[in-house]
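Here's the structure we're looking at; comments come further down.
No value in this document is a laboratory result; all are computed from the given coordinates. Please read all numbers here as calculations on a predicted model, not as lab measurements. A quick note on method: Cβ atoms are made from the backbone with ideal geometry, for glycine too, and the neighbour counts reach across all protein chains shown.
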Amino acid sequence: MDPEAAKLLGAGLAMGLGAIGPGIGLGLIGNAMLNGVARNPEAQGRMFTNMILMAGLTEAVAIYALVIAVLLIFVA
Amino acid sequence: MATKKKGCLGCSLPVAILVGGGALVFLVMGLLAGPLGRKFNVTGLPSWMTLELPEPKLPADVIFHIAGFGVTNTLIATWVTVVFLVLIAFLVARKPKLIPGRVQSIIESLLGYVYDLCVSTAGEKDGRKFFPLVATIFLFVLFNALLALIPGFGTLLFHSGEGNLEVLRAANTDFNTPLALALITFFTVEFMGFKRLGFGYVKKFVTWGDFGRAVGKIFKGKFDVMALLSGFIMGIVGILEFVSEVIRIISLTFRLFGNMLAGEIVLLVIAYVVPYFVPLVFYGLESFFAVIQALIFAALTIVYISLSVTGHEAAAEHH
């Protein structure tokens, strides 16, 4: 295989496979948030802040995959 | 709202139509000027209205040298951020008013939010003690990312032998700045834990005591497999604890670096795909991410510090 093609293929695979886990995680976070709000609508403000924080932490896992993909394309 | 508003979205109707129509015109023009419009070659747009495919650069460019050390564009952006923050602090703190003005109320609400975060995480005493570090990290990361969104920040060019180089570039899109911040956090966490708990802090990592006692029993003729095994597992747990402390550096670094770099690349690519109007939405998204990332970095710093200074027995309740 052409090394350039392998590089691009690897970058695409890294990003695509790496986005599966964070996608499931973000779904779980949204699920928990909606459950919480349905049970206790008054606490929505505090829950929303925490949800954003957790979403940022979860999303970071996808960002690691993105870093690997970017490294593969531009540096490797 | 009790009073019924006239017009649409707070504007009078003609203004709303004008703004909406303008946005629509820019959107269509953006679609035409992008690769889609160029592919079908429907319009003969002048060349200054279209953009070439951008080439994102990963390593920062060296602008000039001071005594052999290369000064990169991200370092210059760091200085700009620092000067900006010092000026803001000077403006606000020189004559603090009881009824804050615009700048003062922004800074006060930001710092108040971070202060509440610190106190609610680490308690009144430790929260006050570590608030300066956490607030510094928060303000630096936030304003560094926000300043980079100002138009003109990334388009200032420097002509040199290696072609045109950007003079300013958001500091956290260079790998080194987030690494420095993460190392500051790491060494503060370890130092404060050691200072507060003395050698008791090391006990968190060196947990071979049970294993040693079990081995000692073998020489006394009492061979206890379960004690040997559980002691060994405790020892491994100590090693894992140490590894997780070191891994924090990597995760803190890459979280910030990746988010900021991804933001820059997204803005570049979207400005290529649809040059007009649509990048506005992504600018909003990026300024939101700047706040989130600054908040996450600051929150993780105070959480790590409060975990390390409370000692192993108290911290074990959190897990």
The answer for B:T72, listing residues at least 5 apart or on another chain whose modeled amide H is closer than 5 Å to its amide H, is B:I63
Hand me the trypsin sites (Lys or Arg not before Pro) from the range B:200-262 located in a DSSP loop with no more than 13 other Cβ atoms within 10 Å, in residue order please.
B:K220, B:K222
Return the single residue from B:F257, B:F219, B:F84 with maximal mean-square fluctuation; model: Gaussian network over chain B, springs between Cα atoms under 10 Å.
B:F219
For chain B: relative contact order, % (alpha-carbon pairs under 8 angstrom, 6 or more apart):
25 percent
Per 0.36 nm of contour for each residue apart, how much would the distance between B:V202 and B:K57 grow if the chain were fully extended, relative to their Cα-Cα spacing?
48.0 nm
Treating the angle as unsigned and between 0 and 90°, give the value, to the nearest 10°, between the Cα long axis of helix B:13-33 and the longest Cα principal axis of chain B.
80 degrees
What's the tally of Lys pairs in the range B:62-318 whose alpha-carbon atoms lie under 20 angstrom apart, where the two lysines are 8 or more places apart or on different chains?
4
Looking at chain B as a GNM with Cα springs under 10 Å, which of B:I106, B:I76, B:I296 has the largest mean-square fluctuation?
B:I106
May I ask for the Kirkwood hydrodynamic radius of the protein assembly as shown, worked out over all distinct Cα pairs and given in angstroms to one decimal?
25.1 Å
Residues of A:6-12, mean number of Cβ from any other protein chain within 10 Å of their own Cβ, rounded to a whole number?
0
Taking a crude spin-label model, label points 7 Å out from Cα along the C-beta direction, the B:V237 to B:T136 distance in nm is 3.6 nm
Counting as exposed only GluC sites (Glu not before Pro) in DSSP loop states with no more than 16 other Cβ atoms inside 10 Å, the longest exposed-site-free span of chain B is B:163-319
Could you give the DSSP H helices of chain A that reach 24 angstrom or more along their long axis (alpha carbon positions) and whose average Kyte-Doolittle hydropathy is no lower than -1.0?
A:20-39, A:44-74
Nearest 10 degrees is fine. How inclined is helix B:102-147 to the longest principal axis of chain B, computing both from alpha carbons?
20 degrees
What is the mean number of Cβ atoms from other protein chains located within 10 Å of the Cβ atom of each residue in peptide A:61-68, rounded to a whole number?
5
Length released on extending from B:V303 to B:Y283, taking residue separation times 0.36 nm less the Cα-Cα span
4.2 nm
